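The values are calculated or read from the model by the stated rules, or taken from the named source; none is laboratory data. Note that this is a predicted model, so its numbers are computed, not measured. All Cβ positions, even for glycine, are placed from backbone atoms using ideal geometry, and neighbour counts span all protein chains on display.
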Amino acid sequence: MATYKGIQGYSVQKLSEDPTAADVEGQLWYNSGSGKFKIAAAGAGAWSSGGNLNTPRNAIGGIGINTAAVAVGGSDGPGPSPATNAAEVEEYNGTSWTEVTNMPTATKHVMSGGILTAGWYGGGDESGDGTTLSNKCFEYDGTSWTASGNLTEAKNAGCGTGTQTAALITGGAPDPTSLNCMLYNGSSWTETANTATSRLNTAACGNSSAAIVMGGYSPADTAYTGKTESWNGTSWTEVNDMNVARSGAGCGGNGVAPSSSALYAGAYGVPSPTARNETESWDGTSWTVVANLATGRALGGAAISSNTVGLLFGGYMPNTSWKNETEEWNGAPVSAKTVTVS
Amino acid sequence: MANTYCTANNWGKDFFTHEDRNDFYLSGHAGNVWVVGNNAAGISWINRVSGTAKLKAEAQAIVDAEVEKAQADYDAFSAEEKLQRPGRPKKYTLP
């Protein structure tokens, strides 16, 4: 009988047990224990449940990545009334949330970015009713909050992205323009070129030299928008729209995703005020609809690393109360699959 | 019937897994109502999370009651408070 090596010129590796699939994507092996051929292959992306926040809330700032995230402030539970601001800060370790040092002032709709040990937030609504907006900025070192340079204007409900030394904020109230964009260098904020479309409750990823901003509510158009704009450090260029126009996904910040690999999930859209559950993946050129959230929600916090890894927490269903649920996105899970042979 | 219905309390991590999401339809709604794909994996999940099976009409009534409560809360808001929200909650039909 001809052997595989005799036909192909090489042997299939023989292993006594399956290796960690994620480490051997694309590899084929023979499991001598089970007597089966196996291959490590990427499957379909999906959201799974993560640990619940201790405090249900919406309009949360998000910092970090899916295994080291920070939920900052927001509007306290149980919602939708009374709508008091939350000062609570919680950290996520990939399994559960733990309450840590409160933010200096209870604030919702902050704009945020960075990682757990080097995060930041700016602005927000300190009064809870939109009458007292903040221009303050604070940095987080994983333990405590330290004041930094003020934003160029007080605002809330925009979006933040980038690191503690190269960040960007755009969109947000006060109306009617919601255009103003500002850059952070680790100590001070500088006004810079505005986006073409005004936006509230928008989202962004990238940093001060390369970013995209997507979605939101356009006061000028009095409609949700799916428009996406790309930032090159100097100016904004309109690029391909999202498939579903909506507002309020990953409300405060979007973790550390680069401008070439982003995720946009949930938000509210039409018919207003519907909680959307669609997820879209950005590959640097266009948006593709991928697997839905299990629970549609708006104004949750987000900690997105790329279009394959992310975390969405809290938020609310416009029809009912604040959420404490977390969902974890795995966009390209690798698993060992048995090869059928004849 | 494409979907089945239950109530279950989402305890957090691993309440539903990545594999679950690829094996059956799942969507969460107010009142801890879950719409679950009506296949073997979906039924197995309901048992795993100790879900309480509901008829579609029962599940819909739970969600409707939650929306009605949210509508009453919204109606009690001042005009300024209403401006802070995207609109009056609306009832919708479960899939």
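Here A:Leu299 does not fit the description of being more than 11 Å from chain B (Cβ to nearest Cβ), of a type outside the set (Asp, Glu) and closer than 19 Å to A:Ile60 by Cβ. When you check B:Ser27 against the structure, is it within 27 Å of A:Asn93 (Cα to Cα), facing chain A (nearest Cβ under 8 Å) and hydroxyl-bearing (Ser, Thr, Tyr), yes or no? Yes, satisfied. Among the residues of the stretch B:7-47, those that are part of a strand (DSSP E or B), closer than 20 Å to A:Met317 by Cα and free of Cβ contacts under 8 Å to residues at least 40 places away in the same chain comprise B:Leu26, B:Gly28, B:Trp34, B:Val36. When A:Ser96, A:Ser49 are checked against the criterion of being more than 24 Å from A:Asn292 (Cβ to Cβ), within 10 Å of chain B (Cβ to nearest Cβ) and at pLDDT 95 or above, A:Ser96 stands alone in meeting it. Going by what's in this entry, would A:Ala257 be described as at pLDDT below 90 and either out of contact with any strand residue (DSSP E or B) (no Cβ under 8 Å at 6 or more places or on another chain) or among the small types (Gly, Ala, Ser) (or both)? For A:Ala257, the condition - at pLDDT below 90 and either out of contact with any strand residue (DSSP E or B) (no Cβ under 8 Å at 6 or more places or on another chain) or among the small types (Gly, Ala, Ser) (or both) - is met. Scanning the stretch B:48-86 for residues that are over 22 Å from B:Asn22 (Cα atoms), of a type in the set (Lys, Arg) and in a helix (DSSP H, G or I) yields B:Lys56, B:Lys69, B:Lys82.
Of the residues making up the stretch A:1-40, those that are among the charged types (D, E, K, R) and touching a residue at least 40 places away in the same chain (Cβ under 8 Å) are A:Asp18, A:Glu25, A:Lys36, A:Lys38.
Residues that are under 10 Å from the mean Cα position of the chain (by Cα) and buried (at least 20 other Cβ atoms within 10 Å of the Cβ) number at least 2 in the following strands (runs of 3 or more DSSP E) confined to the stretch A:243-338: A:262-265, A:301-304, A:309-313. Only strands (runs of 3 or more DSSP E) whose full extent lies in the stretch A:1-81 are considered here, and the ones with at least 1 residues that are of a type in the set (Lys, Arg) and on the phi < 0 side of the Ramachandran plot are A:13-15, A:36-42.
Consider A:Ala69 carefully, then state whether it is away from chain B (no Cβ under 14 Å) and out of contact with any helix residue (DSSP H, G or I) (no Cβ under 8 Å at 6 or more places or on another chain). Considered against the rule, which asks whether it is away from chain B (no Cβ under 14 Å) and out of contact with any helix residue (DSSP H, G or I) (no Cβ under 8 Å at 6 or more places or on another chain), A:Ala69 comes out as no.
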